[in-house]
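Here the structure is laid out as structure tokens; the discussion comes afterwards.
The values are calculated or read from the model by the stated rules, or taken from the named source; none is laboratory data. Everything numeric here is computed off the predicted structure, so don't read it as measured data. In this analysis, Cβ positions are derived from the backbone assuming ideal geometry, glycine residues included, and neighbour counts consider all displayed protein chains. These accessible areas exclude ligands, DNA and RNA; they are computed on the full protein's heavy atoms, side chains included. Shrake-Rupley method; radii C 1.70, N 1.55, O 1.52, S 1.80 Å.
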Amino acid sequence: YGSPRTNGYPSLVSKLAALTGAVMLAIDYPLSPVGNFSSIMDASHNALQWLYTHGPDGRECSNSRGSAPLLVAGDSAGGGSAVSVLLLAREMPERWPQLAGGFVYSPWTNLKCDTPTYYYNAFGTATSRDGKVAYSGDIVFQAPPRENAREYLQSALDYVGRVHTMLSDPVASPFYREPADFEGLPPILVTVSNTESIAGDSIVLANKAAQGGVQVHMDVYPGMWHDFPMYSEGCGSNQPLWQGSLALNRTGEFVDEVARVWRKAQDMLGPQQLGLMYWPQCATRSPHTWIHYGVAGDRTEPWIPLEPIELLCHEAAARFNDDPPITLDGSQALAATSVPAGASRDVVFFLSGFASCALLGLATAAIWQRLRVQGSCSGPRRRDAAGAVRSFRSGTTELVQGGDERKRRGTSTEA
């Protein structure tokens with residue numbers, strides 16, 4: 001269930017637009033069982049291809065190949081679908097545009113639905129002698145573990161068209177992908193609660209991708225539930241959920257950092273060769289992990305002071321800062337000629353996959369920033385007011401454009 005106009009996604013996308021200064025494009029398509037993995041990948045590919053050659057106002061770009069950093073993103077089932085998009089784009093570069101990164105919230109990556117955290121993080125209560133009730137586990141899924149897993153499995157079978165062998169397919173169900181097969185993916189941010197039912201889906205994915213050399217950031221929030229960034233307002237408590245607000249702010253930092261590194265590569269390679277860039281492997285082979293504990297008895301701030309998100313591999317950062325990046329043929333590209341003065345253009349990022357907590361609310365989003373490049377959509381454009389939402393392309397999509405004033409490291413995420 002879920003769509004770009006329901007289940008809190010207009011609010012979520014507006015907040016991300018404000019935090020990133022971005023235009024967020026959300027696509028709508030048939031959900032399972034009418035739609036399935038194949039049709040959702042096709043819809044994502046078509047949206048990405050269209051966005052790659054058009055600006056947010058629908059005008060076609062005259063020469064945009066290689067000029068725009070594109071990202072994919074998603075939550076829950078959409079998070080798993082977004083990872084699948086990253087993998088397909090890496091496996092078939094001749095068909096898919098080059099992607100600069102991705103971020104996922106509580107991604108569902110194991111379609112067999114037998115991750116041990118279904119049991120370890122099952123919802124439960126404990127009552128003290130004075131009658132006070134304490135809660136543990138994932139409050140979103142309160143059924144017994146076997147029942148939760150069985151319901152997830154039925155949704156998974158709908159997603160793969162009732163083809164049982166697809167439940168462990170390494171693209172549709174990336175939990176089962178070998179670490180070496182993640183090689184070459186762009187940076188990824190994984191946000192998850194270690195007490196949610198499918199925490200293991202995120203943790204295994206992040207560790208396997210990191211073992212394959214991918215630059216992975218993993219932010220872990222104890223005591224939260226599945227897809228908690230959706231509830232940053234505080235779930236009607238009149239007190240913001242600092243974990244949700246922090247997760248959204250950290251996403252903004254990650255997108256900014258990806259844009260910074262991409263911009264550096266853009267300056268070195270030039271817009272025409274940037275599409276051939278191959279992300280260097282990270283020698284650490286483990287995710288850069290932050291565990292965001294809260295102060296005991298205090299719901300307003302994290303316990304551990306935070307550092308800003310930076311792409312974590314020093315050798316990769318050095319490659320972009322000092323040496324030409326590696327291209328797909330394994331050679332080092334020569335530094336591109338300088339961009340002429342006055343050639344500043346608005347440039348598109350792409351995000352895909354804001355799904356609801358059941359299945360297939362996959363969406364796409366575009367991040368629209370001013371970078372100095374050649375060949376992007378002509379003419380600088382004025383941004384709309386922060387959080388402005390307008391229908392686009394016959395009512396099948398939503399565009400949300402961020403304002404110039406962007407909130408960063410605080411807990412406020414009002415759009």
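Annotations for the structure displayed:
- Among (1) open to solvent by less than 10 Å² (accessible area, probe 1.4 Å); (2) among the small types (Gly, Ala, Ser); (3) out of contact with any Ser or Thr (no Cβ under 8 Å at 6 or more places or on another chain) - the single one Gly236 does not satisfy: (1)
- The residues in segment 74-104 that are more than 20 Å from Thr53 (Cα to Cα) and not in a helix (DSSP H, G or I) can be counted, and the count is 5.
- Comparison of Asp267, Asp256, Asp298 shows that the only residue that is within 16 Å of Gly102 (Cβ to Cβ) and modelled with pLDDT under 95 is Asp256.
- Residue count for segment 147-167, restricted to those that are of a type in the set (S, T, N, Q) and either open to solvent by 50 Å² or more (accessible area, probe 1.4 Å) or without any contact (Cβ under 8 Å) to a residue 12 or more places away in the chain (or both): 2
- Lone qualifier among Gly234, Gly213, Gly252 - being in contact with a Leu (Cβ under 8 Å, 6 or more places away or on another chain), assigned to a loop (DSSP other than H, G, I, E, B) and either within 18 Å of Phe123 (Cβ to Cβ) or of a type in the set (Gly, Ala, Ser) (or both): Gly234
- Scan of segment 124-139 for residues that are closer than 15 Å to His226 by Cβ and out of contact with any helix residue (DSSP H, G or I) (no Cβ under 9 Å at 6 or more places or on another chain), ordered by number: Tyr135, Ser136, Ile139
- Test: residue in segment 235-249 that is more than 20 Å from the chain's Cα centre (by Cα), farther than 18 Å from Ser106 by Cβ, at pLDDT below 90 and not polar (S, T, N, Q): yes
- In summary, Arg90 fulfils each of the numbered conditions (1) under 15 Å from Val171 (Cβ atoms); (2) buried (at least 24 other Cβ atoms within 10 Å of the Cβ); (3) not acidic (Asp, Glu) with the single exception of condition (2).
- Residue within segment 225-232 that is open to solvent by 50 Å² or more (accessible area, probe 1.4 Å), at pLDDT 90 or above and either more than 16 Å from the chain's Cα centre (by Cα) or among the aromatic types (Phe, Trp, Tyr) (or both) present: yes
- Answer residue from segment 1-27, given it is assigned to a loop (DSSP other than H, G, I, E, B) and touching an Asp or Glu at 6+ places or on another chain (Cβ under 8 Å) and is farthest from Gly74 (Cα to Cα) among those: Gly21
- Residues being modelled with pLDDT under 90 and either open to solvent by 50 Å² or more (accessible area, probe 1.4 Å) or in a strand (DSSP E or B) (or both) - total across segment 281-295: 7
- Restricting segment 178-201 to residues that are buried (at least 22 other Cβ atoms within 10 Å of the Cβ) and closer than 18 Å to Ala89 by Cα, the residue that is farthest from the chain's Cα centre (by Cα): Phe182
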